[in-house]
Amino acid sequence: MFLCVGTIEQKIGSRDIEDMEGIREKMPFTATVGAIGAASMLLPPFGVLVSKWLAIEAAVRMPIVLVLIVLGSALTAVFWIKFTGKLLTSHKTTGFIMEKLPKSIFSTLSILVTGVLIASVCIVPLFNFFVSPQFKNLKGFKIIGGYGLLEVTDGGVIGEFAYFAVFVVVAAVVFSIPFLLKRFSPERVRQPYLCGENCEIDGVVYFKAEADKNNEAVFNNYYLKDAFSEERLNKGLTVIGILLMIGLFATAAWRLLL
């Protein structure tokens, strides 16, 4: 995802998420990789979802930690959904051209996205092969058989993930996509109301406004830019980030010393 954002920034000269609209038509390959990467952060059967699920179940007896994990996961989902929506939003309906990327970036993105897909599909055997055996050496813990991805007990079950049910739901969604796409034929798609007569030129949506002038349709969100601009937020957030990192390393060092 860092490589995707960096590649997009080199193309459009901005890291502002509002400037990423139309990337699907300018950089279809990068947009596709970015969308898959964002999906891996919040949708089943990708590994990040599994790890968050296990973390939530592991913290079920610690209310404060549980609340923080749930809030963090929810905010993460909001961000990635927003990012994916911007990547895939496009006014152009035809004529997408594959962008020209350096071979180093293209090959790296291809390898990484393939790895994400393979690791996600194989998450169950990978998890049980690499992680489960480690719990056998922990005093007071034992692995018990069950329906979940990993069940560890010290008087209770921690980290149960019903992978079979999740994969059944995912498979049903995947196989239903072709049938749903058939419903979205060009004849059934209607352009949004744009305060004027809609028109399309070279696959780009315009609307006629004053003096019959063609205005390109643009969809943006406004978040009180004067109060929440990148320039205004960066200074304070940078300081907060540095303090959090110092606190993180200090806590880790303190735990190691103990």
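One table, with the values for the structure above:
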{"quantity": "Residue match in the stretch 201-217 (condition: part of a helix (DSSP H, G or I), modelled with pLDDT of 75 or more, more than 24 Å from the chain's Cα centre (by Cα) and not acidic (Asp, Glu))", "calculated": "yes"}
{"quantity": "Candidate set: the stretch 74-91, residues that are over 11 Å from the mean Cα position of the chain (by Cα) and of a type in the set (Gly, Ala, Ser); chosen: the one modelled with the highest pLDDT", "calculated": "ALA74"}
{"quantity": "Unique residue being within 30 Å of ASN198 (Cβ to Cβ), aliphatic (A, V, I, L, M) and in contact (Cβ under 8 Å) with a residue 24 or more places away in the chain when the list is LEU88, LEU109", "calculated": "LEU88"}
{"quantity": "Any chance GLU231 is modelled with pLDDT under 75 and not assigned by TED's automatic domain parsing to the domain that holds PHE83", "calculated": "yes"}
{"quantity": "Qualifying residue in the stretch 12-23 (condition: among the basic types (Lys, Arg) and either in a loop (DSSP other than H, G, I, E, B) or touching a residue at least 24 places away in the same chain (Cβ under 8 Å) (or both))", "calculated": "yes"}
{"quantity": "GLY159, sole failed condition from (1) at pLDDT below 75; (2) on the phi < 0 side of the Ramachandran plot; (3) surrounded by 10 or more Cβ atoms within 10 Å (Cβ to Cβ)", "calculated": "(2)"}
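Quick grid of which residues meet (1) of a type in the set (A, V, I, L, M, F, W, C); (2) surrounded by 16 or more Cβ atoms within 10 Å (Cβ to Cβ); (3) touching a strand residue (DSSP E or B) at 6+ places or on another chain (Cβ under 7 Å):
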site: GLU25; (1), (2), (3): no, yes, no
site: PRO44; (1), (2), (3): no, yes, no
site: GLY47; (1), (2), (3): no, yes, no
site: ALA59; (1), (2), (3): yes, yes, no
site: PRO63; (1), (2), (3): no, no, no
site: LEU75; (1), (2), (3): yes, no, no
site: PHE79; (1), (2), (3): yes, no, no
site: MET98; (1), (2), (3): yes, no, no
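The values are calculated or read from the model by the stated rules, or taken from the named source; none is laboratory data. Fair warning: this is a prediction, and the values are worked out from it, not measured in the lab. So basically every Cβ, Gly included, is an ideal-geometry build from the backbone, and we count neighbours across all protein chains shown.
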